[in-house]
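Everything on this sheet refers to the single structure shown next.
The values are calculated or read from the model by the stated rules, or taken from the named source; none is laboratory data. Not measured: the values here are computed from a predicted model. Here the Cβ positions follow ideal geometry from the backbone for every residue, glycine too, while neighbour counts run over all protein chains shown.
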Amino acid sequence: MTETTLGVLITKSSSPRAGSVGQIVPGMMAKIIDENGTALGPYQEGELCFKGPLIMKGYVGDEASTKIAIDKDNWLHTGDVAYYDGDGYFFIVDRIKELIKYKAFQVAPAELEGILLTHPGISDAAVVGLPDEEAGELPLAFVVRRPGTSITAKEVQDFVAAKVSPQKKLRGGVQFVDAIPKNPTGKILRRVLKLVGLPDEEAGELPLAFVVRRPGTSITAKEVQDFVAAKVSPQKKLRGGVQFVDTIPKNPTGKILRRVLKERV
């Protein structure tokens with residue numbers, strides 16, 4: 001990362017460690033911290049932080065961003081979820097901003113993607129968080145089938161469920177796509193995936209409602225779905241669910257900005 005000016009982790013050719021980004025270079029310090037800023041021990045996942053002479057002084061003309069990146073003790077917060085082993089080798093797990101918040105748990109998309117790619121019927125995959133009123137977010141997988149295969153969503157979900165703890169199951173479902181959107185360096189464009197709204201392999205798309213509650217009311221998603229279902233034909237039911245929001249984005253003329261809403265999915 002450019003904020004470190006030079007490489008701060010190095011792997012010795014004489015003792016490489018599979019999957020590791022290396023050990024800290026002489027003169028620099030590194031630590032893993034939890035959400036409260038407490039330093040963690042080996043094999044505990046948290047945010048990777050660096051300190052030392054190679055760290056930048058700050059972003060030119062952007063004091064606010066500098067204060068976010070570098071704390072009062074001069075530790076640079078990378079935004080990477082990582083851990084280190086007993087020999088001081090560091091391993092990157094994912095980006096903090098990409099973590100899926102399922103109930104009280106944080107789920108790393110990269111971990112689930114790695115598992116999905118071990119399935120013989122999957123050529124590529126990406127995982128994002130699907131908003132859920134009760135759980136926060138549900139892991140949702142976008143999967144590219146290998147040519148000639150016909151795996152189903154349930155087979156993919158069962159495959160992952162057999163290899164992960166309960167909170168990491170693909171409770172948001174599986175969507176099959178032709179390709180995973182990526183930038184020129186191969187990084188998954190999760191924002192683009194979230195723009196698809198709520199696709200469905202069999203139906204094409206499912207109606208999803210964004211609702212602003214009236215002050216003092218506490219209607220639930222099911223109550224809204226039942227209310228609509230009683231007034232429409234079956235194909236118009238809110239099968240995509242209901243998401244409660246503070247406001248509905250609109251342009252100056254009052255037109256609903258549906259693209260903005262889709263970015264929230």
What residue, of V164, V156, V144, is in a loop (DSSP other than H, G, I, E, B) and modelled with pLDDT of 90 or more? V164
Just to be sure I understand the filter: pairs with C-beta atoms under 6 Å, separated by 6 or more residues or on different chains, first member in segment 211-232 and over 11 Å from E133 (Cβ atoms), second member among the charged types (D, E, K, R). Which pairs pass? A229/K237
Of the listed residues (Q23, Q44, Q106), the one being under 24 Å from A162 (Cα atoms) and either acidic (D, E) or part of a strand (DSSP E or B) (or both) is Q106
Could you check how many residues of segment 122-141 are in a loop (DSSP other than H, G, I, E, B) and either crowded, with 16+ Cβ neighbours inside 10 Å or of a type in the set (F, W, Y) (or both)? 1
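Condition check ((1) in contact with a strand residue (DSSP E or B) (Cβ under 9 Å, 6 or more places away or on another chain); (2) modelled with pLDDT under 85; (3) assigned to a loop (DSSP other than H, G, I, E, B); (4) surrounded by 12 or more Cβ atoms within 10 Å (Cβ to Cβ)) across all residues:
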| site | (1), (2), (3), (4) |
| --- | --- |
| V196 | yes, yes, yes, yes |
| P252 | no, no, yes, no |
| R259 | no, yes, no, no |
| K262 | no, yes, no, yes |
Positions within segment 12-38 being surrounded by fewer than 16 Cβ atoms within 10 Å (Cβ to Cβ) and touching a residue at least 60 places away in the same chain (Cβ under 8 Å), in sequence order: G19
Complete set of residues in segment 111-142 that are within 29 Å of F244 (Cβ to Cβ) and in contact with a Phe, Trp or Tyr (Cβ under 9 Å, 6 or more places away or on another chain): A126, V127, V128, G129, D132, E133, A135, G136, E137, L138, P139, F142
Say whether the condition of being more than 20 Å from I115 (Cβ to Cβ) and either at pLDDT below 85 or among the aromatic types (F, W, Y) (or both) is met by at least one residue in segment 168-176. no
